[in-house]
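Remarks on the structure that follows.
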Amino acid sequence: MSSDTKSRRILVTSALPYANGHIHLGHMVEYIQTDIWVRFMRMRGHQVRYFCADDTHGTSIMIRAEQEGRSPEALIADMNQAHQRDFQDFQIRHDYYGSTNSDTNRRRCADIWSGLRQAQLVSEKDVTQLFDPEKQMFLADRFVKGKCPNCKSPDQYGDSCEKCGATYSAAELIDPFSTLSGATPEMRTAKHLFIQIESLHGFLEEWTQTDDHLQPSVATYLKGQFLSKPLRDWDVSRPAPYFGFEIPDSPGNYWYVWFDAPIGYMAATEEWCQREGEDFDAWWKSADTDIYHFIGKDITYFHALFWPGMLKASGYSLPRRVQVHGFLQVNGEKMSKARGTFIQARTYLDHLDPAYLRYFYATRLSDKVDDLDLDLAEFVTKVNSDLVNKVVNLAARSAGFVKDGLSAAYPDDQGMFQAGVGLGRQIAEAYERCDYASATRLIMSHADRANAYFDEQAPWNLKKAGKLSEAQAVGTVGLNIYKQLVTFLAPILPKLASDSAAYFGESVALWKDAEVQVLGKQLPKFAHLMQRVDPDAVKRVLEATSSAAEEAQASRAASDEAASAAAEDDAQPLLDEPLAAECTIDDFMKVDLRVARVVSAEQVKEAKKLLKLTLSLGGEERRTVFAGIKEAYEPESLVGRLVVMVANLKPRQMKFGLSEGMVAAAGPGKTEVFLLAPDSGAKPGQRIH
């Protein structure tokens, strides 16, 4: 990201939260990160507008509304209000917050669709799926259950068996039934519309790999995983019934939720333009506007390949930057309902100051795509140590020595204030590149120097000795450094900044305000501006979260599983509870992890997700492994690669052959599965400790 100070016009978005659930602390990583950047860029004098909306379409919304006996429109209207309340109370300020279920968004979708048609990027193909004859709808795999074709276990979903681990297509289930109606599904074929994104391969390769549009690691990931081979056509339609927009030139088909969701950025902008009398084209069709998208790493594929392709084909401006962040963990682990750490934003707000979380997230957010860990013990310690002890207490201690007013001239502070001015340039550069962790470290280093200076000068001793003007000088320095600190922290802590501005009667709204000293004026009585984090309040958050999870689990009807499964098919991937129980370190040490080389790889034609791998563990030892990575890897790209395999997993007989182990991989699934890759110096057969 550029760090120039020339005034710019900037349009900023965050990924749209799905309207089937409430905002949780995992979501807040992104919205806090974006809000901080927007506030900082405004302090630098740039014209910045921040847009967002609810992502409202898809099967899960339709099913949930039906279960609750109300319309999808009523459901999403209630959720929109709840989302906006949570954002407001976390001090997230959007210029406009909309909904993808708007006439404005429908028109923009049609406009982009027309551009794709004119570019001859749309094709039509037959897709065969199971069909529910009672619900009169096609069923995704997760809407179908039956007996596993491998081990014959009953009540298994249509893509994999939870008992034996076999993967298969829903059509292979024995005695299948629809989870929506209980009816026996039928195989039927329907026309689907696809975007031939491979036609844009050259453009996408150039865009993703140049001009700092993406973080280097993200560009490398896209190059290695997707752009190194032909891009698959993207299925952008769903047959009726479907809650969404019907495609104008394909009656009975609806745009898939992932088609109209990012267009919601445009619709929110257009509705704001209508309200404010602005020109939409000046924001989405102008070289004078920089567009920045903030997203989680799980939706990189959509925002860095499909979305630029859609914009390019339809004549809109391309993003200047897509900024990707990692996931949230709590106490070093995935957010978990079972452990009571799947914390809703509202539950947090009921017990704790949003400023605490805004600051703690900032100390952990870098310009990398690393996951962020909310260690709750460290959360308490970090906020109390930095914000209360170092920053706010500096003002509280200093205020006691300026009761007769601040010094008329700025005292000798050993160059500390001017050093802060210089440090401000480094802090600004860190903010601009979204490296808030570095920014907060620099800010706290300045606070440390100020507190050390205050202690060395010991104004209490000066006052006791009758040296009142000298004690006043120390207090004046302390308060001016505090004003610098809160100016630097203003993007993270807007309420502390505004309260401090009211105390000084001076602005901290612009970055250059950190260069302005406050002198010769009487200040009001100082009121403490921030309380310490109460560890008991953190416990109450966890208790309330656990209680809510227990109640939800107790009242969950069988039909709720279908709604959850639909969300998995339609919505942006979200953090969820772990799939397995805890194990001890002794249990884990039983797992024999070995380096292996892929000798051959081939398609398993009868299987939807499987590749057949032959692995070498060194010497003459070979293993056959069936891996569910078909959607993510072409077989020829794997040959010769080093992988990690579980060498002592009990062999499992599958209909396709005997699987003699498992390769280690991570990711949300489907096209986003990432094989663990040992260093190039590793040798087949080596054990991983």
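General remarks:
- Among LEU365, SER14, GLY405 - extreme Cα towards positive end, dipole of the chain, charges at beta-carbon: GLY405
- Over 26 Å between alpha carbons, listed pairs LYS297/LYS483; LYS223/LYS297; LYS334/LYS368; LYS135/LYS334: LYS297/LYS483; LYS135/LYS334
- The stretch 498-545-the stretch 250-266 distance, computed between alpha-carbon centres (Å): 44
- Here the stretch 262-385 was treated as a single set of alpha-carbon atoms; its pair distances binned every 5 Å from 0 give 2, 9, 14, 17, 13, 12, 12, 10, 7, 2, 0 percent.
- Residue-count net charge about TYR453 - beta-carbon cut-off 12 Å; Lys, Arg +1, Asp, Glu -1: -3
- The stretch 19-55 and the stretch 344-379 have Cα centres spaced 15 Å apart.
- Relative protection proxy for 66-75, 92-101, from highest mean packing down: 92-101, 66-75 (other beta-carbon atoms within 10 angstrom).
- Heavy atoms of LYS337 accessible to a 1.4 Å probe, total area in Å² rounded to 10: 80
- Three-way shape call for the stretch 1-139 based on the alpha-carbon gyration tensor, with the a/c threshold at 1.5: oblate
- Solvent-accessible area per residue in the stretch 420-485 equals 37 Å², computed with a 1.4 angstrom probe and all protein chains kept.
- Global geometry of the stretch 409-563, whether rounded, prolate or oblate, following the gyration tensor of its Cα atoms and the 1.5 cut on a/c: prolate
- For THR184, the solvent-accessible surface with a 1.4 Å probe is about 90 Å², rounded to the nearest 10.
- Accessible area of MET79 in the full protein assembly, 1.4 Å probe (Å², nearest 10): 10
- Phi-based couplings in Hz for the stretch 24-39 (Karplus 6.51, -1.76, 1.60; Gly and Pro marked x): 10, 5, x, 4, 5, 3, 6, 6, 5, 4, 5, 4, 4, 5, 4, 4
- Measuring against 29 Å, Cα to Cα, the residue pairs LYS312/LYS512; LYS163/LYS229; LYS390/LYS525; LYS6/LYS495 contain LYS312/LYS512; LYS163/LYS229 as the ones spanning a longer distance.
- Helix 416-432 and the long axis of the chain differ in direction by around 20°, with both axes built from C-alpha atoms.
- Peptide packing: for 7-20, 605-618, the average count of neighbouring Cβ atoms within 10 Å per residue gives the ranking 7-20, 605-618, highest mean first.
- Computed about the Cα centre, the dipole magnitude for the chain is approximately 1180 debye when only Lys and Arg (+1) and Asp and Glu (-1) carry charge, each at its Cβ.
- Mean-position separation - Cα centroids, the stretch 114-145 and the stretch 411-450, in angstrom: 55
- Amide H contacts of SER407 (H built 1.01 Å from N, under 5 Å, at least 5 apart or other chain): THR476, GLY520
- Rg/Rg_ref, the chain, where Rg_ref = 2.2 N^0.38 Å and atoms are Cα: 1.08
- Distribution of pairwise C-alpha distances over the stretch 343-393, 10 Å bins, in %: 22, 52, 24, 1
- Computed from phi, the 3J(HN,Hα) profile of the stretch 76-90 under the Karplus parametrisation 6.51, -1.76, 1.60 (θ = phi - 60°) reads 6, 5, 5, 5, 4, 5, 5, 4, 5, 5, 4, 5, 4, 6, 8 Hz, with x in place of Gly and Pro.
- Antiparallel %, DSSP beta bridges [both residues in the chain], to 5: 70
- Distances between placed amide hydrogens fall under 5 Å for ILE291 paired with LEU11, ARG320, ARG321, all partners being 5 or more residues away or on another chain.
- Leading residue at positive end of dipole, the stretch 468-542 (Cβ point charges), from ASN480, PRO494, GLN522: PRO494
- Cα centre as origin, Lys/Arg/Asp/Glu Cβ charges: the stretch 86-231 dipole, Debye: 320
- Peptides 473-480, 403-410, 193-200, ordered by how many other C-beta atoms sit within 10 Å of their residues on average, highest first, read 473-480, 193-200, 403-410.
- Between the listed residues PHE674, LEU180, GLY415, the Cα displaced farthest toward the positive end of the dipole of the chain, a dipole computed from Cβ unit charges relative to the Cα centre, is found at GLY415.
- Under 16 Å from the Cα of LYS463 - lysines, other chains or at least 8 residues apart: LYS403
- Accessible area of the stretch 344-435 belonging to carbon and sulfur atoms, whole % at 1.4 Å probe: 44
- Based on Cα contacts under 8 Å between residues 6+ apart, the stretch 145-233 shows a relative contact order of 20 percent.
- The alpha-carbon of LYS539 sits under 17 angstrom from the alpha-carbons of these aspartates and glutamates, leaving out residues fewer than 8 places away in its chain: ASP350, ASP353, ASP375, GLU378, GLU550.
The values are calculated or read from the model by the stated rules, or taken from the named source; none is laboratory data. Fair warning: this is a prediction, and the values are worked out from it, not measured in the lab. Ideal geometry is used to build each Cβ from the backbone, glycine not excepted, and the neighbour counts take in all protein chains shown. Side chains are part of the model used for accessible areas, which takes the heavy atoms of the whole protein and leaves out ligands, DNA and RNA. Shrake-Rupley method; radii C 1.70, N 1.55, O 1.52, S 1.80 Å.
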